[in-house]
Structure formats: structure tokens, C-alpha cells
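The values are calculated or read from the model by the stated rules, or taken from the named source; none is laboratory data. Everything numeric here is computed off the predicted structure, so don't read it as measured data. Cβ coordinates were reconstructed from backbone atoms using ideal geometry, including for glycine residues, and neighbour counts include every protein chain displayed.
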Amino acid sequence: MSAALLQVDGLDLYYGDAQALSGVSLEIAAGEIVAIVGANGAGKSSLIRAIHGIERPAAGRVRFDGVDITGWPSHRACEIGVGHVAEGRQVFPNLSVLENLEMGAALKRARADEKKTLEHVYSLFPRLAERRKQAAGTLSGGEQQMLAIGRCLMGKPRLIMFDEPSLGLSPAIVQEMFRIVRRLNEEGLTVVLVEQNVMASLRIAHRGYVLENGRIELSGSGPDLLSNDRVRQAYLGL
Amino acid sequence: MSQDFLLSLAQAITKGLLTGMVYGLMALGLSVIFGVMRVVNFAHGEMMVVGMYLAWAAFDYAGIHPLFSLPVIALLFFGLGYGLQRGLIQPFINRPEHQQFLLLLAVATIVVNVCLAVAGPDSRGIQLESQFDSYELGPLVFDAVRVHAAIAAVVIAALLWLFFTHTRIGKSIRAAADNHMGALVVGLDVRKLYAITFGVGAACVGAAGALMITIIPVTPFLAAEYTLLAFVIVIVGGLGSMTGALLGGLLIGVSEAVAGLLIDPSLKSMFSFGLLIVVLLLRPQGLMGRKDSR
């Protein structure tokens, strides 16, 4: 754990008076899949957004590859390799699939290799190649999720943070989504996976954190957390 | 007699269509700004008037034809719009609409009074040789200056369309308008894109001003009228729709010209507002507006 790619230290985040995160600290090493699990409203999405710079934390530090990126605007964080697949997919509905992907490659770090990355994304998601001219808003939920992932990959991230990638998708597509997450990790991407699907995400994760009411309550390896009584009772209903 | 009337009606309609293209370009600026960042530029007519004054000054002092000063004015307006957005409007972007309204109203008031202080209340027009030229098509006669202005407006609108569909920045602006969170997530610099958008919108209205001065003389008091006119056009055409703005411009241009022919030129606004009311009653989202857009 010496070579942490992402290091979060004592992060506090407020929405007005409501505290969404309090003193959240975590470390993610290069090459890991780390799951962040917790109930609805525990602060999982807030944590991702605060790391990415979409929300501004009131206190705490975020370091990426040793660089302090606390308070950086999101586009600068993307520029050094932070990738984010947002909750609800957030595709550009009136732009074509191809234009959506091009937007992912608008980063300076990604422009030179745009063609090559696009081929790679199309090989991962042949469906996107078939529908490249279609408006993204006309895609199915699963296809939009693939587009959101593909668009993120176009920016050549080193870390990719998935926010509820399985939300609202059919079971078959959820399975496919987890397969893709694992495959991207095998290709060298570091993955942060925020999920309500606790079982599935802890199964593919090397390590996990349990977030409750904006605090980290537990952490450990995937198997450890899966066998932890508290996790089993609270999240797995066992 | 009735054939004479039909001819003058056709004449009025063509004149309205040509002027309407320039109106459309002006309204395009308002529509682009609103469509992307949901800010209504209440200083739009004031910017138009500044564009007209600049083109007038370039002609009056240096003899530069408005068609040649136009690119410079557009570029200058792009810079002004960019700066205005970055420095003044951006801090207001998430504030309630009435605060944005007050801010831009203040800008409008300042601009129009600076015009009044510098250029005075008298109307300033330019005398071009081409103002006496005309083109004939069958029985119809087209004023050369209007034809030139309309062609220039069409060319600029086409360039704008190419910008939004074929350049990375243009597509990024559409993306940011489409899904703000999506734009943040993929790492688009939304603030910069907003500033560019305001710059582009300002450049449109500056260019429209440079064209308009070849058709009518300018006074500071035209500003409020143009702001209102741009609203009417954009609402008739559909908020945020580029083709809607152009179509709305044509319709308003024609309705003004026909009103001038049928009743009295000073009652032309009655027709424009009448058209606005009809559109709001029958198709509240505007002619080209999408139903779901707010």
C-alpha cells in the first residue's frame, strides 16, 4: 500500500447545513478494485464527487498520484487521470453516440490517441459502434451505461470511479457491467466502485469500505467484509 | 388596382424577408446564450446598438464599409462577451433569475447611456452608394443594401451552424447545454465554454448591428426596442432553437413590413406582438421549440 494512487484524508463535505461526509479517509493503490458500499444516502456519491472536484469539500485533502488535487475544478482532475462514470449515466442525449465519445476525448491528455482509444472502446462495446450516429437519448439504459463508460475511457483515465453503474439495469446487463469492470481492471485501470449491490461489488473487489452516515465504519478485503457479521446483517440480509 | 396591391404586398414581403434575416441573426445571439446557459441577455438590444454605432463610426471617420468592419466588430464583441461572462455574469449563473435580470438591466442601462453621452441623441446613419442600387427580379425590386445584409446574415448563420456541428468547441458547448453534470464528469471546462458561448452570442449581435446600420440609422433609443424584438423573435421561433431564431426573424421581418404597408409603419410592433400572442396561444413552446424544454 505504499504506492497509493488515490489518497483521501479527513474529507468533510456539507450541502448547506447538512453534513454529507465527515472525516472520510481512504487509500487506493494502483491496480486495485476498491468497493465503497453503503445504504442509500450514506454519502457514496458525495464522496466520489468531492474526490473529482464537482463538490468542494470543507476540510480534508485529496491526493492523486502524490499531487494534491483538493479543490481543483473537475476538468483539471480529469486532465491528470481521474475518470468518473456518474450516477444516472449522464450522457448527452441530443448528441450522437460518436459525439458523446468525442467529448470524452476532449482532454488534452487524450487527444493524440483519440482514434486508437475509439477503436478500443468500440471493441469493448460493439453496440456503440453500430449505433454511433444515433442520438444518445434514444439508447436503452444498458447501452447508455456502456456509452458512459466508453466516454470515460476516451479520456484515458488512470483511475475510474463508477457511481452506481448497475442502478436501474436488468440483471443480465448488471452481470455484464461487473464483467466489464473486472476486465478494465485487468487491463491496468485502478477502479473505485460505488454500489448498492453490495454482494456483487465486494465479490469482484480486492478491498472495500463501508460508508454509513458520511463516515467510514468498516474496511477490509472483499472476502473479509463479505463474512463480516455486521455487513451480512445490514446489507446482505443474512 | 388589385394587381398593384398584390405587387406592393409581394414587395413588402420580400423586403421583410431580407430585413428579417438580419433580425434573425440578432435573435440567434440571444437564443444561443439562453439555450446554453439559461441566462437571458437583457442587454441584447443595447449590444446591437453598440454594433451599429461602431460600424457607423468606422464608416464616418475612416470610410470603412460596414461589411468590412463587420468581422472586426464581431471579433471585438466576442472578446467583450467573453469578458462580460467571465467577470460579471458567471458569479450570477446559479443565482435566482431576478438577480440575473437586474445585473443585465444594469449593463443595458450603462451601455445605452454611454451611447447617449458619446454619440448624442441624434440619429446617425451612413450614406452608401449601394443604397441607391437595386436588383430586379421580374416585377419585384430588391434594395441592394438589404440583399447584401441578408446574404451576409445567412453566411454568418451558416458559419455558426458549422461551428456547432463540426468543431470540438462547438460540440462541447452543445454537450454542456445538453447535460451540465455530464459535461463536468467528462472534464469539459464548463465556465470557459459558457464564456465562449456568450462571446459567440455577442459576436452575432455585433455583426447584426453592423449589417443593420446599412438599412436604418441608429439612435440610443433603439436599444430597448431591439431587446424586446429579439425576445419576441426568440419566443416565436422557440427558445434555444437556432433555426427557430432565424425563422422567427423572417416572420417578424415580414409582419413588420406588411403592417407598414397595410396600416402604418409606426404600428408595426402591433403586428409583431400580435404574432407573439397567437404563437403563445397555439404553440407556447414556439414554432421550432421542443415541448419538453423548459
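Pairs are defined by a Cβ separation below 6 Å, a sequence spacing of at least 6 or placement on different chains, a first member in the range B:91-108 that is at pLDDT 95 or above, and a second member that is among the charged types (D, E, K, R); the pairs so defined are B:ALA108/B:GLU46. With respect to B:ALA55, determine if the residue is surrounded by 17 or more Cβ atoms within 10 Å (Cβ to Cβ), farther than 30 Å from B:MET242 by Cβ and in contact with a Ser or Thr (Cβ under 9 Å, 6 or more places away or on another chain). Spelling it out, it is not the case that B:ALA55 is surrounded by 17 or more Cβ atoms within 10 Å (Cβ to Cβ), farther than 30 Å from B:MET242 by Cβ and in contact with a Ser or Thr (Cβ under 9 Å, 6 or more places away or on another chain).
Counting only helices (runs of 4 or more DSSP H) that sit wholly inside the range A:109-177, those with at least 2 residues that are touching a residue at least 24 places away in the same chain (Cβ under 8 Å) and within 14 Å of the chain's Cα centre (by Cα) are A:141-154.
Every residue, every condition in (1) surrounded by 17 or more Cβ atoms within 10 Å (Cβ to Cβ); (2) of a type outside the set (Lys, Arg), yes or no:
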site	(1), (2)
A:GLU87	yes, yes
A:VAL97	yes, yes
A:LEU101	yes, yes
A:THR117	yes, yes
A:HIS120	no, yes
A:SER123	no, yes
A:ARG132	no, no
A:LEU153	yes, yes
A:ALA172	no, yes
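Looking at the range A:185-196, is at least one residue more than 14 Å from chain B (Cβ to nearest Cβ), within 18 Å of A:GLY31 (Cβ to Cβ), without any contact (Cβ under 8 Å) to a residue 24 or more places away in the chain and within 17 Å of the chain's Cα centre (by Cα)? Yes, the range A:185-196 contains at least one residue that is more than 14 Å from chain B (Cβ to nearest Cβ), within 18 Å of A:GLY31 (Cβ to Cβ), without any contact (Cβ under 8 Å) to a residue 24 or more places away in the chain and within 17 Å of the chain's Cα centre (by Cα).
This table checks each residue for (1) closer than 30 Å to A:GLY155 by Cβ; (2) among the aromatic types (Phe, Trp, Tyr); (3) touching a Leu at 6+ places or on another chain (Cβ under 6 Å).
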position	(1), (2), (3)
B:ALA158	no, no, no
B:ILE173	yes, no, yes
B:ARG191	yes, no, no
B:VAL200	yes, no, no
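Listed by position, the helices (runs of 4 or more DSSP H) inside the range B:137-239 whose residues that are at pLDDT 95 or above and more than 14 Å from every other protein chain (Cβ to nearest Cβ) number at least 1 are B:144-166, B:190-212, B:222-237.
All conditions in (1) more than 14 Å from chain A (Cβ to nearest Cβ); (2) at pLDDT below 95 hold for B:MET242, with the sole exception of (1).
If the condition is being farther than 21 Å from A:THR190 by Cα and among the β-branched types (Val, Ile, Thr), then the range A:72-95 contributes only A:VAL91. Here B:LEU188 fulfils each of the conditions (1) surrounded by fewer than 16 Cβ atoms within 10 Å (Cβ to Cβ); (2) without any contact (Cβ under 8 Å) to a residue 24 or more places away in the chain; (3) among the aliphatic types (A, V, I, L, M) apart from (1). Strands (runs of 3 or more DSSP E) fully within the range A:1-78 that include at least 3 residues being more than 14 Å from chain B (Cβ to nearest Cβ), modelled with pLDDT of 95 or more and crowded, with 23+ Cβ neighbours inside 10 Å: A:4-15, A:18-29, A:33-37. Set side by side, the residues B:ALA57, B:ALA27 differ, and just one is under 22 Å from B:THR109 (Cα atoms) and within 16 Å of the chain's Cα centre (by Cα), which is B:ALA27. For A:LEU139, the conditions (1) in contact with a Lys or Arg (Cβ under 8 Å, 6 or more places away or on another chain); (2) within 19 Å of A:GLY53 (Cβ to Cβ) all hold with the exception of (2).
Residue by residue, here is whether (1) touching a Cys at 6+ places or on another chain (Cβ under 8 Å); (2) at the interface with chain B (Cβ under 8 Å from one of its Cβ atoms); (3) aromatic (Phe, Trp, Tyr) holds:
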{"position": "A:HIS84", "(1), (2), (3)": "yes, yes, no"}
{"position": "A:GLU99", "(1), (2), (3)": "no, yes, no"}
{"position": "A:ALA110", "(1), (2), (3)": "no, no, no"}
{"position": "A:ASP113", "(1), (2), (3)": "no, no, no"}
{"position": "A:PRO126", "(1), (2), (3)": "no, no, no"}
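Here the condition is being touching a Ser or Thr at 6+ places or on another chain (Cβ under 8 Å), touching a residue at least 60 places away in the same chain (Cβ under 8 Å) and within 24 Å of B:GLU46 (Cα to Cα); of B:ARG86, B:ARG146, it holds for B:ARG146 alone. Of the residues making up the range A:79-108, those that are more than 19 Å from A:GLY137 (Cβ to Cβ) and assigned to a helix (DSSP H, G or I) number 2.
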